[in-house]
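Notes to accompany the following structure.
The values are calculated or read from the model by the stated rules, or taken from the named source; none is laboratory data. As the structure is a prediction and not an experimental result, all values here were calculated from the model. Virtual Cβ from ideal backbone geometry, glycine too; neighbours counted across all protein chains shown. Remember, those area values only see protein heavy atoms, side chains included, never the ligands or the DNA or RNA. Shrake-Rupley method; radii C 1.70, N 1.55, O 1.52, S 1.80 Å.
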Amino acid sequence: MLLKNIGEIYRKYDSDLIGIYHMTWTFTQAKWIAQKIREVNPEVKIVVGGPNVSSFPKPTLKYGDFDYAVKGEGEMTTNELVDAIERGDTRLEKIPGLVFKENNANRIIENPDRELISDLDTIPFPAWHLLPINKYFDVFTREKKFATMITSRGCPFSC
């Protein structure tokens, strides 16, 4: 199973920042992935997002080995977080939609929510040409060249 090799896969790319998206029912897997990546590189920054984060931002950081959580729509918040990390800017409290551990400590800071993006046409389409689509498959049919995309705001169910 690919998930068992996540540490080896991370070692191959050795990124400074890892993003993990998860729903509430995949929180355990997201925690496990973060743990395996941290075993390879304890200094890596891990950011998590998704519906579970939006519903439970502080518990997500408290019980998972994540550095940052992005609640709500993540496009702008994630870009601003990456820019701040690259600049070495530690004033993260100015980024709407961000939740983070203060100085990697136990105190968790939850910034105000970010407003919804009013013009969705400002969000670019995914760069499908950069995705190694042959590595992705449908979990039910094992058909190759399969990827999903959530095209609604918020939880796609009746949450």
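What the chain shows is 70 Å² of accessible area per residue, with the surface traced by a 1.4 Å probe over protein heavy atoms. The alpha carbons of the chain stretch over 44, 40, 31 Å along the principal axes, in descending order.
For Asn106 and Glu75, the FRET efficiency from 1/(1 + (r/R0)^6), where r spans their Cβ atoms and R0 equals 41 Å, is about 0.90.
Each Lys and Arg adds +1 at its Cβ and each Asp and Glu adds -1 at its Cβ; summed about the Cα centre, the chain shows a dipole of about 680 debye. Computed over protein heavy atoms with a 1.4 Å probe, the carbon and sulfur contribution to the accessible area of region 1-154 reaches 54%.
Given R0 = 25 Å, the distance between the Cβ atoms of Lys145 and Asp16 translates into a calculated FRET efficiency of 0.25. Per-residue extension of 0.36 nm, minus the Cα-Cα distance of Trp128 and Glu39, leaves a gain of 29.0 nm for this segment. When the square roots of the Cα gyration tensor eigenvalues are ordered a ≥ b ≥ c, the ratio a/c for region 1-89 is 1.5 or more and a/b does not exceed b/c, which makes its shape oblate.
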